[in-house]
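Notes for the one structure printed next.
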Amino acid sequence: MRIRIFLFLLILILNSFSGFVVEEFVPDAERFVRIFIMMGDGVMLTLALTTFFRNRSFYGVKYFGVFLLISTITVIYNLDNLGLMAQLNGLRQPLFFFSSLVVVHDIFQSHQKEKFIQYCTLFLLVFAIAQTPTSLLQFVRHGAGDDVGGTFGWGGSGLVTQLLFLICFYFVVKFGSLDNGSSFGVTRALVFTPLLIPCALNSTKITFLLMPLFFVLLLFSKKKLYKTIPFLLLGLTLLYLYTEFYAETGGGENPRTIFEQSYLERYLLSNPTEPSGDLPRFQRVTIMFRLMRDDVGLLLFGMGYGLFGGGNILDAPRIMRSLHYLSGSKILLFTVWIQGGLTAVVVFTGAMFSFMRSKPISHHTIKRFNWFVFLSLVGMWFYNDAILDRTFAAITSFLMMWISSGGIEQATEDMPIEPAVELAEAVISR
């Protein structure tokens, strides 16, 4: 099991930091890094498949098995258009998510669970801290926008924002829960808010949704209403500062108009001339249905995996080149459906949200984190396809399994949480 933990963390580190390292220091090594990433995909898939039997009752294994079946049908159905190798290459992304889910669950069932949680928590702290200097460097060079992707490199701004809110909430729950998990400590929560600095530097619009959701779920106290006031003031202050900073750095946009109907229609549905040449997110969905027309096979099993990849290690087939205009800011609903069909959408939905059906949670702080993860994943279906990113998939799988295993509830069965909190604060203050 220690070897499995080592390989999982090694693959996670490679995927988390290789983008920035390649862009800034060794751009000529990009092809070799892609080969290592492909090898990591193979290792993760192998780790998952070798645990199928002993984890056969786990929902992740069941959804993985169903996905393997329907993706096989998809590959066969689209052999003439995409070929075998291009589709197998494209399958690496969704298979990585399913593999991560199974591997993390397997480790959580072992005696190495607590060590694994410690290692992952340390990684998340290092990863989150590393986003600030890397994002600051990119912001100084390029200004706010997609260029500010932290350790992901160019185009990773949305991924960084989503992950930092998830990681920050995880730390607040793990080290800031008070009164047997009924509420949060304001000072302890405040310690982790600087981790959100890159969210201002990259000026992503999703922050206007995630930040209010983040603080609303921190607000409520089971016992005393006055405990919500500091969180309310903190949330309003940070949202105001972000709004003002966005107005100065977000390309001249007025952030107060972002949620107006006319802006949303133009941004999501009907603006054919985006400054970046990128199609609106939901316009891709309408184009997808026009491409599929009345072909029931395409609607159910998709047009094949790898439609938006290729050209780096493998040559891109003709259909991939013809659909290149659909690349860019894709929502998960579009990416999964056009490649794997409605059947893939159903399987992904089950695999992503079944953690909500885990054993009853008594700690209110974990319940709130549970809902934050859930709502973040729901939003992804209509914002981007982050779950197909390897780093995002691995981290989210860890958070899902941590919630399912009871989170801090299990820790408090064996020892009080106060020493753990004091230790965390001591580490951070150094």
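The values are calculated or read from the model by the stated rules, or taken from the named source; none is laboratory data. Given the structure is predicted, the values throughout are model-derived calculations rather than measurements. Cβ coordinates were reconstructed from backbone atoms using ideal geometry, including for glycine residues, and neighbour counts include every protein chain displayed.
Quick rundown of the values:
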item: Qualifying residue in segment 272-282 (condition: surrounded by 12 or more Cβ atoms within 10 Å (Cβ to Cβ), in a helix (DSSP H, G or I) and at pLDDT 85 or above); result: yes
item: Residue within segment 75-85 that is among the aromatic types (Phe, Trp, Tyr) and more than 21 Å from the chain's Cα centre (by Cα) present; result: yes
item: Meets criteria (at pLDDT 95 or above and among the acidic types (Asp, Glu)) for ASP80; result: no
item: Given (1) of a type in the set (Ser, Thr, Tyr); (2) surrounded by fewer than 13 Cβ atoms within 10 Å (Cβ to Cβ); (3) at pLDDT 95 or above, index of the condition TYR325 fails; result: (3)
item: Filtered residue count, segment 76-96, keeping only those that are surrounded by fewer than 21 Cβ atoms within 10 Å (Cβ to Cβ) and either farther than 21 Å from GLY40 by Cα or among the basic types (Lys, Arg) (or both); result: 6
item: Residue count for segment 19-44, restricted to those that are more than 20 Å from VAL103 (Cβ to Cβ) and either at pLDDT 95 or above or assigned to a helix (DSSP H, G or I) (or both); result: 15
item: Lone qualifier among VAL336, VAL345, VAL378 - being surrounded by fewer than 23 Cβ atoms within 10 Å (Cβ to Cβ), modelled with pLDDT of 95 or more and touching a helix residue (DSSP H, G or I) at 6+ places or on another chain (Cβ under 6 Å); result: VAL345
item: Among (1) assigned to a helix (DSSP H, G or I); (2) of a type outside the set (Asp, Glu); (3) at pLDDT below 95, the one test that THR391 misses; result: (3)
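For every residue, the table says whether it meets (1) out of contact with any helix residue (DSSP H, G or I) (no Cβ under 9 Å at 6 or more places or on another chain); (2) surrounded by fewer than 22 Cβ atoms within 10 Å (Cβ to Cβ); (3) within 19 Å of ASN15 (Cβ to Cβ).
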site: ASP106; (1), (2), (3): no, no, no
site: GLN112; (1), (2), (3): no, yes, no
site: TYR119; (1), (2), (3): no, yes, yes
site: PHE123; (1), (2), (3): no, yes, yes
site: ILE129; (1), (2), (3): no, yes, yes
site: LEU137; (1), (2), (3): no, yes, no
site: GLY149; (1), (2), (3): no, no, yes
site: GLY153; (1), (2), (3): no, yes, yes
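Conditions (1) under 21 Å from LEU9 (Cβ atoms); (2) in contact with a Phe, Trp or Tyr (Cβ under 8 Å, 6 or more places away or on another chain), marked per residue:
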site	(1), (2)
ALA48	yes, yes
THR51	yes, no
LYS62	no, no
LEU68	no, no
